[in-house]
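The values are calculated or read from the model by the stated rules, or taken from the named source; none is laboratory data. Keep in mind it's a predicted model, so treat the numbers as computed, not measured. Positions of Cβ are generated from backbone atoms using ideal geometry, with glycine treated the same way; all protein chains shown enter the neighbour counts.
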Amino acid sequence: MTILSGSGRTARAVASRPGGALGLAVVAAILVAALASPIVATHDPDALDILHRFAGPSAEHWLGTDHLGRDLYSRLVFGARVAMEVALFAITAALVGGTLLGTLAASVSAGWERPILVLFDVISSFPSLVLALAAVAVFGPSTLLVMIVVAATLLPHFGRVARAQVLGVRNAPFIEAERLLGASETRIVLHHLLPNIAGPLIVLASIDLPVVITVEAGLSFIGLGVRPPLASWGTLIYDGYAYLSDSKLPVAVASAALGIATLGFTLFGEALRDAVDPRLDGGR
Amino acid sequence: MNRHPSRRAALAGAAAAAGLPLLPGRAAAQGKTSIAVRVERDFVTFDPAFRSGPHDGNVARAVFQRLIAQKPNSVETELDAAAELKQVSPTTIEFTLKPGQAFTDGYGTMTADDVKFSYERFAVAAPDGKTSPYTGDWSGLKAVEVTGPLSGRIVLAQPNAGLFAIALADVSGCIVSRKAVTERGAEHALKPVGSGPYQVVSVEKQRGAVLRRNPAYSGPKPAFEEIRANFIQDPKTAELALRSGELDFAILPPGVAEPLRGASGIAVEQFPGLAYLWLGINMQKAPFTDIRVRQAIRYALDVDQMLLAGFNGKAPRLNALVMPPVLGHWAEAPVYRRNVAEAKRLLAEAGHPAIRTRITVLNQPAFQTMALVARALLGEVGITAELDVQEGGTFWEAGKGEAGKDVDMFMMRFNGKLDPSFLMQWYTSDQVGVWNWQRFASPEYDALAKEAIAEGDPARRSALVIRAQELMDRSAAFVWLTNDTAFAAHRSNVKPAFLPGAIDWQLDRFTNA
């Protein structure tokens, strides 16, 4: 009940800001498109109609068709599903893995902490693109690989924040009280530390979402991500780019979707951060 | 008097020097001194016997001399390294080299022994065990007999109808230095020692190569001091590079080249293509071992629709291996039309009403687009095809060796020449696991290919070539797509030179327009 009312308060705080309301609306629209894509789409996104390639917007094809006569609107909708699948999987994996490692690093002795921090440094030293190129060379391109690469590159980000948060609260009086009462380390971590550091990490995740969406689109654009014929905003831009002289619409539509999604998630993330940590509100 | 230049004078001089190219007159009248051309594949080796394709061969043609060479933009030949070349019988050709033709890097002058080494090595395994994939170009070669330091005799065991056009005058006829190849070993691949108009000064993976004029070359001086062969795989990027002036010459697909027509400072020329595309099926992998499955695939596909999607309908349909301008073109080859009912019937009869398969395809827009259409068309008859899109480095190895046994279907583009034997050589049994990715092994085809290359009478040779194509057609392992139209786009102030089909370039004959 407390949690629900807390979430409701946060949602109201996000929606009360103009940027937050806009971000929330965009995020909601993308989530609906992703979750209900078979219902929201008007056509099979992979259905070809070669004779009607590069058709302009019409009642039949709201955003026109691409170089294979596929319905652009439907591909855009299914592209949202791919973007959200990749983003949510990668962020969740990085959040869980990073939090566990960060908490562990803050809870163990300096001798054990060091290897974890070195691991974070090693992973951070690889830009996601370089890591993706290496992984593709070994395993071949796939959507799953994009998710894993993005999750791996984000993991130190969450790990460091989790470690810093844990270090900040581990000696707090209420934790000391728990220890004196004989609570185990596992209980302290699960029941006290994690709930107390969850807020900043969730805000961080929401801010990282647009980054993941653009990384997925970028990797797919250069052929390292989602495989054809699966629709992703990156592959839509790539396909459109190859046929730019025939029609500018596919590139324009897919780029706009990517831009709006990035903006929406960024506004939402910032509003969420302001709502969760009021100290930052107006401080920028 | 102080003779030391002041800093101000030095700056003024530098500014004046920097401004010189902007001035009209002498510099402009002389034209460009260097050009950049696009290569769409990474260089593998410039060694003529082991080249991996025309992109390697185009550099080899500029670096090495041949006894005879094609005239610019023509298949007619003229003497190159030879002072004299005479066919004394159908199986004997005598030659005399021009004296003093120096190899670069101090490897001495060309001798008849270098000619012997260059030609005979096509049939002999290299120290690493590899044999030349172009052995067929020298089919029938018995020996090159050295009769003097600069003279010799090419002796054939049987006549070779394509010898002059395909071997002697082209890349397989390039003369290497025996000493340089022996001493440099594997290093010779990308550090070639030639005696031709250009020398390779640098090669970098994924970037290309730089050629510089060979000052010791005794033939006509090429127009450009330097040629940069820039690796640009993506055609759209090449188009932008041409527009910006970063690139002077590129062969582009029609969809990319067409919009360049009328662009300021750019010319686009269109040529009937000698490159050909097809969808191949691995005959040795189940369920494609059953001819009915292969026939079903052929009926399921709609070639015209695939070409419309891949080439904006600007590429002519091909119905057999040999394209119209080449001897042995099979004008009456069957034109397969889509027949979904027949495809389904054949699959049911073969006991494979539903098949899961994979189409291996190069990551080029036109190929991917056609493969996507093929996937959709196959899906309608119960064949679920997954696209295996690969970048150049892995694609060109996909069907080779043991890995080739696992390939299902693939979309392939080969470059051709005007001689039918050049086109036929890739489908013989000994090419299985090399370039014959269909694993089409027909002793009858092999015999016809061998017979055709030795046949001097054009009519009889044409009949043999057509018979061989009938065998290919009967195998149903080939769905011929197109001999694509070649679009050569170049800056208007550069005049390119190439052989018919525009695949084989004569870089040393490029000039200022």
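Taking the options B:Ala167, B:Ala180, B:Ala186, B:Ala125, name whichever one is without any contact (Cβ under 8 Å) to a residue 60 or more places away in the chain, part of a helix (DSSP H, G or I) and over 27 Å from B:Arg461 (Cβ atoms). Show your work before the answer.
Working: B:Ala167 fails: over 27 Å from B:Arg461 (Cβ atoms); B:Ala180 fails: without any contact (Cβ under 8 Å) to a residue 60 or more places away in the chain; B:Ala125 fails: part of a helix (DSSP H, G or I).
On inspection, the qualifying residue turns out to be B:Ala186.
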In the stretch B:65-100, the residues that are closer than 20 Å to B:Pro48 by Cα, small (Gly, Ala, Ser) and outside any strand (DSSP E or B): B:Ala81
Set B:Glu226, B:Glu246: member being surrounded by fewer than 18 Cβ atoms within 10 Å (Cβ to Cβ), in the same structural domain as B:Leu211 (by TED's automatic domain parsing), among the acidic types (Asp, Glu) and out of contact with any Ser or Thr (no Cβ under 8 Å at 6 or more places or on another chain): B:Glu246
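Output the helices (runs of 4 or more DSSP H) that fall wholly within the stretch B:291-392 and possess 2 or more residues being more than 21 Å from the chain's Cα centre (by Cα) and within 11 Å of chain A (Cβ to nearest Cβ), or say none. Walk me through how you get there before you give the answer.
On the way: elements: B:291-300, B:303-311, B:340-349, B:365-379.
Result: B:303-311, B:365-379.
State whether the residues of the stretch B:210-220 include one that is in a loop (DSSP other than H, G, I, E, B), surrounded by 19 or more Cβ atoms within 10 Å (Cβ to Cβ) and away from every other protein chain (no Cβ under 14 Å). Steps first, answer last, please.
Within the stretch B:210-220, the first condition is being in a loop (DSSP other than H, G, I, E, B), and the residues that meet it are B:214-220.
This time we only want the ones that are surrounded by 19 or more Cβ atoms within 10 Å (Cβ to Cβ), so: B:214, B:217.
Cutting the leftovers down to away from every other protein chain (no Cβ under 14 Å) gives us B:214, B:217.
Yes.
Please note which helices (runs of 4 or more DSSP H) are completely contained in the stretch B:405-476 and include at least 1 residues that are crowded, with 18+ Cβ neighbours inside 10 Å, in contact with a Pro (Cβ under 8 Å, 6 or more places away or on another chain) and touching a residue at least 24 places away in the same chain (Cβ under 8 Å).
Working: elements: B:420-424, B:443-454, B:458-475.
Correct list: B:443-454, B:458-475.
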Condition check for B:Val465: within 30 Å of B:Ala398 (Cβ to Cβ), modelled with pLDDT of 95 or more and in contact with a Ser or Thr (Cβ under 9 Å, 6 or more places away or on another chain): yes
Residue that is within 30 Å of A:Leu133 (Cα to Cα) and at pLDDT below 90, where the choices are A:Val203, A:Val169, A:Val161, A:Val212: A:Val203
Filter result (surrounded by 19 or more Cβ atoms within 10 Å (Cβ to Cβ) and over 16 Å from the mean Cα position of the chain (by Cα)) within the stretch A:21-42: A:Ser37, A:Ala41
Exclusive hit being under 25 Å from B:Asn73 (Cα atoms) and either among the aromatic types (Phe, Trp, Tyr) or in a helix (DSSP H, G or I) (or both), set B:Leu242, B:Leu274: B:Leu242
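Yes or no, residue by residue, for (1) part of a loop (DSSP other than H, G, I, E, B); (2) buried (at least 21 other Cβ atoms within 10 Å of the Cβ); (3) among the small types (Gly, Ala, Ser); (4) within 14 Å of another protein chain (Cβ to nearest Cβ):
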{"position": "A:Gly56", "(1), (2), (3), (4)": "yes, no, yes, no"}
{"position": "A:His67", "(1), (2), (3), (4)": "yes, yes, no, yes"}
{"position": "A:Ala83", "(1), (2), (3), (4)": "no, yes, yes, no"}
{"position": "A:Ile91", "(1), (2), (3), (4)": "no, yes, no, no"}
{"position": "A:Leu95", "(1), (2), (3), (4)": "no, yes, no, no"}
{"position": "A:Gly98", "(1), (2), (3), (4)": "no, yes, yes, no"}
